[in-house]
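Step one of this worksheet: look at the structure below.
Where a number appears in this text, it was derived from the coordinates with a stated rule and is not lab data. Note that the structure is a prediction, hence the values are computed from the model and not measured. All Cβ positions, glycine included, derive from the backbone under ideal geometry; neighbour counts span all protein chains shown.
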Amino acid sequence: MPELPEVQTTVNGLNKKVLNGTFIDVWTDWKKIVKKPADFEKFKKEIKNKKIKKIWRRAKNIIFDLSGGYSLLVHQKMTGHLLVGYWVLDNGYWKPKQKGPLNDPYNRFLHLIFFFDNGKMMALSDARKFAKVELWKTKELLNSKEFKNIGPEPLDKNFTFEKYKKVFENKKGKIKQLIMNPEIIAGIGNIYASEALWQAKIHPEKSVAKLSKKELKSLYEAIKKVLLLAVKLGGESFSDYRKPDGTKGNFDSERKAYKREGQKCHRCGTKIKRIKVAQRSAFFCPHCQKI
Ligand SMILES: [Zn+2]
């Protein structure tokens, strides 16, 4: 599932490719992907002739601020990713017009395509069809309950150690579960939670109340370090995620814990273990990350 680094990579790519573009049409074979307005024909009518003025990210949401005071929100969920290029209909299937990375098999599940005035196309490839697309009045989106409840952005310059400490005050529970809670910190999922905890040498099941100030600080630094590196490398692509040009991200070779069960810890050589924490897999080194 795309997490903060993958969503940021998508936003960075889209800013280069479709900023200032004007929508002229939309195609889908899965009308349910658009949740707001629920009537796809209405959505199609409303988005027509709207120009993209800004593309940004909040948690795992991609937001296109449009002319006329509207915002288009895309949440890629499990397997969705936005691609930009040119496709042609071939026997009822959209095929990339040219040879290249858009032909990667993970990029073939096109269920929604936006057409721009300059001929470019932006497509949502989503094997499992869990992604969501919503058209909001910008003001309503910013004031919505779900948006206001999102926790601080870990890469924000204002997210100081003091602010970070505050988000854990009076909180109970296992640290991995807490850092994956979007109301506590935005954008961290299973991959980067495991990676940051490995970097900080903290056991994923350790209770937040038992973390020393030193451990809290290590985790704060590890979260920033891991996310920044992953953004720089264009995210991970060992699952479905691809960048807007269809190519893979390069974080995979930097992975120290996530999905490395049975492989040697890069620090001490002990085999990485997998356990379940709140129904989700957690990967850690039993020697470096003692409870
Ligand atoms: Zn180790």
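Things worth noting here:
- Amide N proximity, the stretch 262-291 versus Asn181 label position 7 Å along Cα-to-Cβ, cut-off under 14 Å: 278
- Relative contact order %, the stretch 166-290, counting alpha carbon pairs below 8 Å whose residues are six or more apart: 25 percent
- Cα gyration tensor shape for the stretch 1-120, rounded if a/c is under 1.5, else prolate or oblate: rounded
- For the stretch 52-198, relative contact order (Cα pairs under 8 Å, six or more residues apart, normalised by length) works out to 22 percent.
- Spatial separation of Cα centroids for the stretch 1-44 and the stretch 60-78, in angstrom: 7 Å
- Span from the the stretch 190-239 Cα centroid across to the the stretch 126-181 one, whole angstrom: 16 Å
- Label-point separation in nm, Lys31 to Tyr93, each point 7 Å along Cα→Cβ: 2.6 nm
- Considering only the Cα atoms of the stretch 193-291, their convex hull presents on average a projected area of 6.7 nm².
- Among the listed pairs Lys17/Lys97; Lys32/Lys139; Lys17/Lys259; Lys31/Lys232; Lys36/Lys248; Lys60/Lys217, those whose Cα-Cα separation exceeds 28 Å are Lys17/Lys259; Lys31/Lys232; Lys36/Lys248.
- Packing, taken as the mean count of other beta carbons within 10 Å per residue, orders the peptides 2-14, 121-133, 204-216 from highest to lowest as 2-14, 121-133, 204-216.
- Toward the positive end of the charge dipole of the chain, with +1 on the Cβ of Lys and Arg and -1 on the Cβ of Asp and Glu, the farthest Cα among Ala193, Ser281, Phe161 is that of Phe161.
- Across the chain, the relative contact order, built from alpha-carbon pairs under 8 Å that are at least six residues apart, equals 20 percent.
- Compared with the direct C-alpha span, the chain from Asn15 to Glu169 gains 51.7 nm at full extension, assuming 0.36 nm per residue.
- As a ratio to 2.2 N^0.38 Å, the alpha-carbon radius of gyration computed for the stretch 169-238 takes the value 1.07.
- Added length on full extension, which subtracts the Cα-Cα distance from 0.36 nm per residue, Lys210 to Lys271: 19.4 nm
- A Förster radius of 25 Å combined with the Cβ-Cβ distance from Glu41 to Asn149 puts the calculated FRET efficiency at roughly 0.20.
- Per residue Cα convex hull volume in Å³ - calculated over the chain: 134 Å³
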